[in-house]
Every structure is written in structure tokens, then in C-alpha cells.
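> Quick one: this structure, given as C-alpha cells, is what I'll be asking you about.
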Amino acid sequence: MELTHDFIRKPIILIVDDSPDNLLLMVNLLKEGDRYTIKAANNGEKALQIVQADPPPDLILLDIMMPGLSGHEVAQSLKADPRTRAIPLIFLTAMASTADETRGLEMGAADYITKPISPPVVLARVETQLKVKAAADFLKDKSDYLEQEVARRTREVLAIQDVTIHAMASLAETRDNETGNHIRRTQHYMKILAEHLRDHPRFRHFLDDDTIRLLFKSAPLHDIGKIGIPDRILLKPGKFTPEEFEIMKTHTTLGRDAIAHAEQQLGTSVEFLHFAKEIAYGHQEKWDGSGYPEGKAGDDIPISARLMAVADVYDALISRRVYKNGMSHEEAVRIITEGHGKHFDPDICDAFLACSDQFRVVAARFADSDHDMAQKAAAVQFISGSE
């Protein structure tokens with residue numbers, strides 16, 4: 001099977017020469033056997049116009065000494081244009097010195113043929129350059145295909161990650177007295193804080209684009225462990241007893257362990273779940289060490305968990321529940337300010353105060369509807385009545 005430009009059409013050859021006799025000679029030579037589509041130009045300006053047509057030539061035979069644009073100038077223009085620089089050039093000229101040939105090759109010509117020509121030599125060199133061009137085109141097409149395939153599969157993997165996270169989060173949501181909008185709000189709060197802090201001296205080593213993207217993806221799993229909490233506690237419309245609170249606190253460990261178990265089932269560590277484990281396990285820790293499950297303090301608490309602590313508390317304060325009304329934005333800001341350096345990392349707390357108007361916008365955008373609250377109230381009533 002002969003290798004051609006795209007395995008279907010005949011290769012296109014452009015001949016550029018100001019001499020009508022030379023043009024006729026080359027056209028007749030290359031037309032033999034009907035193997036090529038021939039185009040001709042008697043000056044450099046016309047050649048550059050022809051090259052812009054679709055499809056472009058697969059090979060250009062180019063005279064050097066021409067009125068107007070010389071062959072060298074045409075070559076320089078072709079090599080400067082990303083759309084035409086890959087087209088192979090063969091200088092076909094009476095300039096026969098070694099210096100002339102060296103200059104032509106240095107300008108990017110694929111070959112250099114001197115006049116008077118030898119027809120067999122010209123045909124052989126033309127065929128060689130067309131085969132090289134066809135092979136290069138094939139490899140480029142293959143590379144482009146592989147690049148597109150990698151991009152497609154990457155999109156699929158990212159989509160699977162998103163579906164996995166949201167499926168897990170939605171599963172927990174079905175048993176929680178909070179709504180899916182809580183999940184969306186905390187995602188956006190996390191992103192606002194992370195983007196504000198990305199140039200902060202304490203956080204810029206951590207908060208790059210990829211990390212912020214993964215934090216946004218992972219945030220919905222912060223309360224995944226609540227799926228393991230009994231309904232009589234999880235949906236209780238009032239204050240927990242000390243014993244009930246101890247059980248509720250285990251949701252952090254249950255969440256981390258559930259995600260870790262999923263990784264074990266896969267037999268590998270999954271990057272996009274790393275932050276999910278940190279957030280699920282550590283978002284109830286407090287800066288002063290009074291939180292749970294481990295009572296970690298300060299920088300021992302993962303940054304991801306510290307960011308979620310602010311996002312989660314703010315949303316808990318402003319949100320309606322079946323057993324309480326939501327606080328005003330201003331009151332929530334006041335309470336978080338009181339937690340500066342106590343409950344919350346002081347720099348993250350400062351970032352919240354600087355971005356609190358953006359939090360207000362997110363809260364309004366993803367506000368819980370009356371329908372959401374009615375569904376949760378019905379769930380609580382059902383659980384209460386069945387006890």
C-alpha cells in the first residue's frame with residue numbers, strides 16, 4: 001500500500017517559478033502517471049495566496065530568483081506561519097554553489113535541487129519528501145487523536161469523581177435534617193475562603209488551583225459519617241443528651257473510615273478522596289484544641305478541615321431547621337468573630353470576615369425552599385412517631 005498524505009486523495013504539489021518554460025517542464029513531468037494534483041504559480045505573491053487555500057499543498061517546489069518576492073522571502077513567510085511551516089519545501093534553482101544550498105537548508109528547506117534538472121532525480125526526491133510528509137502527518141494525526149482520547153477519558157474520570165462524591169453525599173442527606181443546599185453552600189464557602197487565602201504566606205504552599213478544585217469536590221462529604229448515626233439521634237428536633245452527643249460525635253470517625261474503606265476496596269489510594277477524609281474527620285476540631293475527635297489544636301489540624309470548620313459553622317448558624325429559625329448574616333458574623341483564635345484559625349477567620357459579603361450571596365443563591373423544609377419536617381415527624 002502506497003503512503004500518501006491522507007491515504008485517499010492525491011498529494012498536492014505547488015510549483016513556483018517565474019519562467020513559463022520551467023513551469024511547463026515541471027508540470028508535465030509531475031503529471032505523468034496522474035499521481036499528483038499539480039498547482040502552479042509564476043510569482044511568490046500568488047504562491048502565498050494558493051498556500052492559504054484548503055487543502056494546502058503537501059509539497060512546494062520553489063525557485064529562488066524571481067521578481068517581486070524571491071524564493072527565500074517566500075520560504076521565510078511560510079516558515080513564520082504556524083499553518084504552513086510544516087509544508088516541505090524543495091528549492092529548485094540555478095543557484096548551484098555550496099553556500100547557496102547551505103543557506104536554503106538553513107532556511108528550513110527539506111531538499112535542494114539545482115538546474116538543469118534530472119527528471120528521475122526530481123521524481124525520486126519529490127516522492128521521498130511526500131512519504132516523509134505523509135508519515136509526519138500520520139504521526140501528528142495519531143498524536144492528536146491520542147491527546148483527544150486522553151482529554152475525553154480525563155473528563156470521564158472527573159465526571160465519575162463528581163458522581164461518586166454527590167452520590168455518597170446524597171445518601172447521607174437522605175437521613176440528615178439538613179438539605180442538599182447545605183452541601184452546595186459549604187462547597188462554595190470553601191472555595192471562597194481558599195481563593196482568598198491562596199497568596200497568604202501560611203497557605204500559598206498548599207492552595208494551588210488543583211488543591212482548590214479538589215477541596216471544592218470533597219466538601220460535600222464532610223458529614224458523610226452521619227449515615228451511621230441512629231435516626232433517633234440524627235433527626236432529634238432538640239438538644240442532645242450527653243450520651244447522645246457522644247454518639248453524634250462519632251460521625252467524624254465513621255465518615256473518614258467509610259471513605260478509607262472505599263479506597264481499600266479499590267486497592268489504591270485515591271487522590272480526590274484524600275481531602276474528603278481530612279474534612280470528614282477533622283472539621284469539628286477547634287483551633288484551641290477543644291474540638292473532636294482528637295482534640296487537635298492549631299496547625300496540627302489539616303488546612304482543609306480548618307476551612308470547612310468556618311464554612312460549616314456559618315451555614316449552621318444562618319440555616320433554618322425544623323427545630324429552629326436561622327440567624328441573620330450579621331449575627332452569624334458576630335459569633336464567628338468571637339471564635340477568632342479559639343474555634344477558628346485566626347487567618348481563616350480573617351479571610352471569612354473579608355469575604356463575608358460573598359458568603360451572604362452564596363447563602364441567598366442556594367437558600368432552602370419551603371418545600372425542602374416541609375420534607376425534612378415530615379421525616380422528623382415520621383421518625384418521632386415511630387419511636
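The values are calculated or read from the model by the stated rules, or taken from the named source; none is laboratory data. Because the structure is predicted, anything quoted here is derived from the model rather than measured. Reconstructed Cβ throughout: ideal geometry from the backbone, glycine too, with neighbour counts over all protein chains shown.
> Condition (residue is within 19 Å of Arg103 (Cα to Cα) and within 47 Å of the chain's Cα centre (by Cα)) applied to segment 16-23: is it met by at least one residue?
There is at least one residue in segment 16-23 that is within 19 Å of Arg103 (Cα to Cα) and within 47 Å of the chain's Cα centre (by Cα).
> Moving on to the next point. Somewhere in segment 56-67, is a residue surrounded by fewer than 19 Cβ atoms within 10 Å (Cβ to Cβ) and within 18 Å of Met107 (Cα to Cα)?
The answer is yes; a qualifying residue exists.
> Moving on to the next point. Hey, could you check segment 208-221 for residues that are aliphatic (A, V, I, L, M) and over 16 Å from the mean Cα position of the chain (by Cα) and say which is farthest from Ser356 (Cα to Cα)?
Among those that are aliphatic (A, V, I, L, M) and over 16 Å from the mean Cα position of the chain (by Cα), it is Leu221.
> Of the numbered conditions (1) over 17 Å from Leu130 (Cβ atoms); (2) assigned to a helix (DSSP H, G or I), Asp18 fails exactly one; give the number of that condition.
If we test Asp18 against (1) over 17 Å from Leu130 (Cβ atoms); (2) assigned to a helix (DSSP H, G or I), just (2) comes out false.
> If only one of Ile117, Ile113 is of a type outside the set (Lys, Arg) and in contact with a strand residue (DSSP E or B) (Cβ under 6 Å, 6 or more places away or on another chain), which one is it?
Only one candidate passes the filter, namely Ile113.
> Filter segment 114-140 down to the residues that are of a type in the set (Gly, Ala, Ser) and part of a helix (DSSP H, G or I), then identify the one that is nearest to the chain's Cα centre (by Cα).
Within segment 114-140, the match that is nearest to the chain's Cα centre (by Cα) is Ala136.
> Here's another thing I want to ask about it. Against the condition under 30 Å from Arg256 (Cβ atoms), among the aliphatic types (A, V, I, L, M) and either surrounded by 13 or more Cβ atoms within 10 Å (Cβ to Cβ) or at pLDDT below 85 (or both), how does Val163 come out, does it pass?
yes
> Pairs needed: first member in segment 284-296, closer than 14 Å to Asp312 by Cβ; second member anywhere, outside any loop (DSSP other than H, G, I, E, B) and among the hydroxyl-bearing types (Ser, Thr, Tyr); C-beta distance under 9 Å; at least 6 residues apart or different chains.
Between residues of segment 284-296 that are closer than 14 Å to Asp312 by Cβ and residues that are outside any loop (DSSP other than H, G, I, E, B) and among the hydroxyl-bearing types (Ser, Thr, Tyr), the close pairs are Gln284/Thr252; Glu285/Thr252; Tyr292/Thr252.
> Picking from Gln129, Gln52, which residue would you name as being surrounded by fewer than 17 Cβ atoms within 10 Å (Cβ to Cβ) and either of a type in the set (Ser, Thr, Tyr) or in the same structural domain as Val16 (by TED's automatic domain parsing) (or both)?
Gln52
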